[in-house]
1. Across 10 Å bins from the origin, how do the percents of Cα pairs in the range 103-159 run, short distances first?
2. Whole-Hz Karplus ³J(HN,Hα) for the range 310-318, in order, using 6.51 cos²θ - 1.76 cosθ + 1.60 and θ = phi - 60°, x for Gly and Pro?
3. Semi-axes of the equivalent ellipsoid for the range 361-420, please: Cα gyration tensor eigenvalues, times 5, square-rooted, ordered largest first, whole Å.
4. Given a Förster distance of 25 angstrom, what is the FRET efficiency for residue 510 paired with residue 639, based on the Cβ-Cβ distance and rounded to 0.05?
5. Going 7 Å from the Cα of residue 389 in the Cα-to-Cβ direction, what parts of the range 236-257 have a backbone nitrogen less than 20 Å from that spot?
6. Show me, for the range 344-355, the HN-Hα J-couplings you get by feeding each phi into the Karplus relation (A = 6.51, B = -1.76, C = 1.60, θ = phi - 60°), rounded to Hz, glycine and proline as x.
7. Stretched out fully, how many nm does the piece from residue 323 to residue 219 gain, at 0.36 nm a residue minus the Cα gap?
8. Going by the alpha-carbon gyration tensor, a ≥ b ≥ c the square roots of its eigenvalues, is the range 46-425 rounded (a/c under 1.5) or, if a/c is not under 1.5, prolate (a/b greater than b/c) versus oblate?
Amino acid sequence: MAEPRKASRWPIVLVIVVAAGGVVLSAIYGPGAKKTGGLDPTTSVAQQIEAPADSAALSSKTTNTTPVAAAQGGESTTTREPLAALSARLPQAAAQNTATQSLGSLDLQQNPYAIGFARNAAGIDSITFSDFWLTARDREMAQAHRTAVAKGDANPPPMPPDAARYALHTLGKLQGFSVPILGARAIEINGKLVSLFGEVWQSVGAGMFETEVIDPDGQAVVKVSRQFSLPGNGYDMMLAQRVENVSGRPLKIRWIQYGPGDLSMDPGGMMDIRRFQFGYLYGPQRDPSRQNVIVHGAMFERADVLKRIAAQNFILWPQEEQRQQNCELSWFGTTNRYFALAVHAPDPTAKNGKSLGAIHEVWSHADALPAEQQVAFSELRSAEVDLAAGSSVSFDMGVFAGPLDPNLLEAQQPYRSLRMDGLILYLISGCCSFCTFSWLANLIVLLLTFLHDWVVFDWSLAIIVLVIVVRTLLHPVTKYSQVQMARVTKGMAAIKPELEVLQKRYAGDSKKLQAEQMRLYREKGVNPAGCVGGMLPTFLQMPIWIALYAVLYFAFELRQCPAFFGVFQEFGGWRFLSDLSSPDQFIEFNKPLFTWPFAFAGINLIPLLMAVVFFLQQKYMMPPSTGTLTPEQEQQQKMMKWMTVILFPIMLYTAPSGLTLYIMTSTCIGIIEGKRVRAQIERMDFTPKKRDPAKQDRLGKLYEAAMKRAREKGQQSRRFKGRD
């Protein structure tokens, strides 16, 4: 039987490499999604939008422009009078020209974005930003043009085409129909669903739409209007929606529209991390002030939303916990790597103004397509409202369409009041999420920002300084880990001859061999389980590594930011390290040479340098063999080393250069640190010393007790089998 040290060394290395590889692969590829069912956005069949059970369990408040009896929870007081078939149509006074007009502009001095509209649902076709671009090259061209114009240059460099601007839009279709952002879905009148999706809207101005619902006699029952406006506070807009009862009798109204859905993936992203997030208020019993917006406990990964749809579980808000506590929605948004689209309470300064009363429930839909083709849509539903004859009700909401920038969401209103900084999550999905602590990531963000704003004034230098700070703080833990490993390795090597004698003497008696080995360990003061204590500090550092990874991947400040003050771009516009959020682009190809397992579109230098650094780390940091391993184990350990040198650079070849710069810098410092620690270890005396059995270490006692219990359990099991 091989002594324990021989059998335990290479599996530990294997576990570390496999675990680290699994973390990276899980982060890159993420969980897949199942095929899901969809909902025809033009249908008027009421049973396709089933009312959820216990839909009145939550209270809902609506903002009324005229006096109206709004539902406050519980049963409504208005009787549902049966109605004949209803339908929506263009208002009779509609002009012949129904073309939509855009809102905002692409002039950065006037507006942050331009909005194009789609009349088929009175929604938004696209939101095109005036100063966000798809690539760093386009951003640099735009900056050069504006700088030249500001200097009065008669022949400034050209601006990039508008197609190069970053735009928010809902991808794909639902049941074959293009669904505009925040498009009108339907209105429910006395339990009858009337579709508002289609060519039934009249454009009466920039961002202004009107329609009406008529009965079979052509008489108007309700008039509906929607108006998008830019109040001038950055990336916010207002959506005013009014339903007017012109039927001459009381009605029950429920408003249904599309909400934020899938956003486009980041062009330079190496993983698909899109989320559906909620901010909400506790019920009056728990929070009478109604001022504290909660931003945790109600978030869904996009992949989880698609799985819920496949299981016919369409409701995202409220979940059972929120129902029980009578929570009210404050905001709801979807995010990708750097941007968000969210609806929120229109006026958080008003009494109970942090409640988004226009939304009672949030549903989700998707078509039954292959996972890579699926698009997730959200649907916003109001509570059922009693609408008296001649009165109107409003379903107003604010809309945020902009970057996940802490300087914006944490400092400016109304986002600060609504705690919409909760949209910013430095969180890796999959198996990494359990040890990605938000408080730790936020602390790293503060440190990185401080280094940039007050110390080095460059994000790449801030990353390097951050590595130095983190490695310095973790040095005692790292040193302890290496010392423990060295102690166990040298101790096992010192008693190897005696272990071999025991193995030959008790070759046929495993129980006696184990007992004698434990006796030898106690006498020589060697703890075979000490290597576990040596590895523990390494595992304790994993949350820090993952938090750093998440921060560098999601930090909006690094998007399209050049490294080292853009010095490489001064050499004829060289693209090397021009964007810390994308690969380093040392050499670019005209087109990718291959696309699997990743798009090989150029030579990225830093991952190649990482391979060299990993090799040097394996050569100089790993302790030399002490002869305790068999030839087979030596070969396996060598394979693990080469897997690390080759596998990780390949997996990180298309990673953002900010991440690879951090990893390479950390590894370089680790080599220097390791050499210094090894020099100290060489001066230490690890010679095993005979100990009094009464003073053996606690871990050895626990190990011996565990072995004894295992033997007794095995003996009992054999006795029971003998009785059978």
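1. Distribution as computed: 22, 39, 26, 10, 2 percent.
2. For the range 310-318, the Karplus-derived couplings read 4, 8, 6, 10, 7, 7, 9, 9, x Hz, x marking Gly and Pro.
3. On the way: eigenvalues 161, 141, 13 Å².
After diagonalising the Cα gyration tensor, the semi-axes are 28, 27, 8 Å.
4. Values: r = 29 Å, r/R0 = 1.17.
The formula returns an efficiency of 0.30 here.
5. Correct set: 243-254.
6. Here the 3J(HN,Hα) series is 8, 4, x, 9, x, 7, 6, 5, 6, x, 7, 8 Hz.
7. On the way: separation 104, 0.36 × 104 = 37.44 nm, distance 3.94 nm.
Extra length from residue 323 to residue 219 when fully extended: 33.5 nm.
8. On the way: a/c = 1.71, a/b = 1.38, b/c = 1.24.
Taking the square roots of the gyration eigenvalues as a ≥ b ≥ c, the range 46-425 is prolate.
Each reported figure results from applying straightforward, stated rules to the coordinates on display, with no laboratory input. Note that the structure is predicted; figures quoted are calculated from it, not measured. When we count neighbours, we look across all protein chains shown, and the Cβ atoms used for this are built from the backbone with ideal geometry, even at glycine.
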